[in-house]
1. Would you confirm whether any residue within region 100-117 is of a type in the set (S, T, N, Q) and crowded, with 18+ Cβ neighbours inside 10 Å?
2. Regarding region 243-254, can at least one residue be identified that is within 14 Å of R162 (Cα to Cα) and either in a loop (DSSP other than H, G, I, E, B) or of a type in the set (F, W, Y) (or both)?
3. Test R73 against the criterion of being touching a residue at least 60 places away in the same chain (Cβ under 8 Å), in a helix (DSSP H, G or I), buried (at least 22 other Cβ atoms within 10 Å of the Cβ) and under 29 Å from the mean Cα position of the chain (by Cα), and give yes or no.
4. For region 228-237, indicate whether the set of residues that are more than 30 Å from D176 (Cα to Cα), part of a strand (DSSP E or B) and assigned by TED's automatic domain parsing to the domain that holds L170 is non-empty.
5. Scan region 102-117 residue by residue and report those that are in contact (Cβ under 8 Å) with a residue 24 or more places away in the chain and either outside the structural domain of L60 (by TED's automatic domain parsing) or part of a loop (DSSP other than H, G, I, E, B) (or both).
6. Does any residue in region 208-230 that is free of Cβ contacts under 8 Å to residues at least 60 places away in the same chain come within less than 9 Å, Cβ to Cβ, of a residue that is in a loop (DSSP other than H, G, I, E, B) and polar (S, T, N, Q) six or more places away or on a different chain, and which pairs are these?
7. Among the residues that make up region 156-170, is at least one of them farther than 30 Å from R280 by Cβ, part of a loop (DSSP other than H, G, I, E, B) and among the hydrophobic types (A, V, I, L, M, F, W, C)?
8. Identify all residues within region 49-66 that are of a type in the set (G, A, S), free of Cβ contacts under 8 Å to residues at least 40 places away in the same chain and closer than 15 Å to A317 by Cα; write none if there are none.
Amino acid sequence: MHWIHSLRRAGADAGLLALALVAWAPSSAQAADAAPAPAAAAGKTVVATGPAGDITEAQLEATVEALVPQKDRVLFWGVKDNVIRFVRSLGAQQAIAARAEQAGLRPADAAAQGLKRQQELVKAYLDQQGQAAVPDTAALERYALSEYRAHPERYAVPAQVRVRHIVLPLAKDGSDDAAVKARAEKLLAELRGGADFAALAKAQSADAASAQQGGEMPWFARGQMPAELEAAAFALKQPGALSEPVKTPSGYQIIELLETRAQRELSFDEVRPTLEKEARDRLESTERGRLWTDEQDKVKIDDDALQGLMYRNAAAAQR
């Protein structure tokens, strides 16, 4: 059961790292501001070494050109943290793509070349390894049951009501309040006298969406509707009961109770599929993230070479 403890420590979601080369994001780190010595052999200089081999200036520049928009390159090349994250991600992608090839995996798009091929191989490999990290069905069920018992409050379904209503709107300045209220009281008297609620809603209600359904609204719990509407709806106890005219932000409303649902607890059988899927997704995501981070950490940066490349490209991007 050690995997359960690992899963809980991982939190709600370890986060799916980019299956392609991760997108760079602007960093608050200071930009490089000193010009290092020029590279001895532009393009061939190694700026980093990863599990799959060296990353040269030319490789890095080509990848940046493919993935970083022209308008963003000054900022990209000017902030060292951006470039380091990018280089480590490139090294991780190359290493995992090589592992995928060795494992006999193939890209989903057989015609894919270059970066796209690498990205598809990375996705295939991480998906495979993520799925392999998931325990058997019995273990997932045990985890789901432990979560269900540990957090019963998460599986409480609040009381709900289903009503239909007639909405009589007010002028923005409220100048017709008395007249609209009197009209609502007249309609209420008609309803209590046996008038058809659905017919009156279709003919009189300003809520066009519900009016077409005879005034019917979907099920709702407390906290989902205007407070005045909720208070009136939940105060009705028997199906068919009518409220007095209720003033709400929409105007005056007449409400009829159709059905109620008492608060209840979802059974384990009802939530088990969701809990098992959450566990499976989390374990897969955690394993993918672990593999990706492990490969990033293996990339060794040549600081001097990278600094020189950054300076030249930042200057070129400003021209």
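The values are calculated or read from the model by the stated rules, or taken from the named source; none is laboratory data. Since the model is a prediction, treat every value here as computed from it, not as a measurement. Cβ: placed from backbone, ideal geometry, glycine included. Neighbour counts: every protein chain shown.
1. no
2. yes
3. no
4. No, region 228-237 has no match at all.
5. Hit for region 102-117 is A103, nothing else.
6. Matching pairs, first to second residue: A211/S205; G215/S205; P226/S250; E230/Q224.
7. Yes, some residue in region 156-170 is farther than 30 Å from R280 by Cβ, part of a loop (DSSP other than H, G, I, E, B) and among the hydrophobic types (A, V, I, L, M, F, W, C).
8. Residue satisfying the conditions is A62 alone.
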